[in-house]
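Structure first, commentary second.
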Amino acid sequence: MQTKILDCTLRDGGYYTDWNFPSQLVESYLNVISKLPIDVIEIGYVSNVRNDKFGLYYHLNKDFLKKVKKIIRKNQKLCCMVNAKEIKNSKDLINLLTKFDGVLDQVRFAVDPKKINPLLTIISETKKKIKKINFSINIMYLSTWYKDLDYANNLISKAKNIVSEIALVDSYGSLKPIEVYFFFKEIIRVNPDVNIGSHFHNNCGLALANTLSAIKAGCNISDSTFKGMGRGAGNAETELLLSLL
């Protein structure tokens, strides 16, 4: 099975630039990405918080996103992330996303597995009002709980009927390819009807190798960034992942 690729260069890479990127760079990025076999472009955050130093790609607006959609291919999905810490209840999320309904294809949340229950409740209530956006989650800190398969399957069971995709995140970049392969192989076996994604960090230089292991195990969608630009040690490199695939 061929995995889908989600490129999150401007979102994860924004941790180095406070989500400020030159417009010419972004235009070049979008023109290139529109010609590549990349399925989802996560271009930044949407946020109602204003008293910060962050740039456009943390505070994306509807007009800019409409311009982006004119550049990328029609079969490419446009995604943004919402900082779950900024959302206290479904009203907050509905107020934030109403203006993007029909513009954004997907919204993602990164969540500590210990805090997944209230977030899933908020998403479930929001879906009643926001009809045209798919919701997905990135469950963090995989290296601290991957050995507990019952715990992993329980997390997936809680989320699978509420979100369209569940990505598992090696936040500390400490997993090894063989660990990744057998973990993903098992949870995909148990959850064949769930879209399972992967998001690896490069603290040990293994983000790309781990991504390939997850793909070999049957992972549906893989996150990557150009030059591996991302929070901390960065991510799997989009250009290398594309070449190897």
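Assuming a ≥ b ≥ c are the square roots of the Cα gyration tensor eigenvalues, decide whether the chain counts as rounded (a/c under 1.5), prolate (otherwise, with a/b larger than b/c) or oblate. It comes out oblate by the Cα gyration axes. Counting protein heavy atoms only, the chain has 52 percent of its accessible area on carbon and sulfur, 1.4 angstrom probe. Note on D63/F182: beta-carbon distance plugged into 1/(1 + (r/R0)^6) with R0 of 45 Å gives a FRET efficiency of 0.45.
Couplings 3J(HN,Hα) for region 16-23, derived from phi with the Karplus relation 6.51 cos²θ - 1.76 cosθ + 1.60 (θ = phi - 60°), are 8, 10, 6, 6, 9, 9, x, 4 Hz, where x marks Gly and Pro.
Heavy-atom accessible surface of the chain, averaged per residue, reaches 47 Å², computed with a 1.4 Å probe. Considering only R231, R11, R50, the mean-square fluctuation computed in a Gaussian network model of the chain, springs between alpha carbons under 10 angstrom, is largest for R50. Computed over the chain with a Gaussian network model linking Cα atoms closer than 10 Å, the most mobile of N161, N51, N89 is N51. Taking a ≥ b ≥ c as the square roots of the eigenvalues of the Cα gyration tensor, region 164-245 is classed as prolate, since a/c reaches at least 1.5 and a/b is larger than b/c.
Here the dipole of region 1-154 is about 660 debye; that uses its Cα centre as origin and unit charges on the Cβ of Lys and Arg (positive) and Asp and Glu (negative).
For E125 and S34, what is the calculated FRET efficiency with R₀ set at 30 Å and r taken between the beta-carbons, to the nearest 0.05? Rounded to the nearest 0.05, the efficiency is 0.30.
The values are calculated or read from the model by the stated rules, or taken from the named source; none is laboratory data. Note that the coordinates shown come from a computational prediction; the quantities given were computed from them, not determined experimentally. Virtual Cβ from ideal backbone geometry, glycine too; neighbours counted across all protein chains shown. In case anyone asks, the SASA skips ligands and DNA or RNA and just uses the protein heavy atoms, side chains included. Shrake-Rupley method; radii C 1.70, N 1.55, O 1.52, S 1.80 Å.
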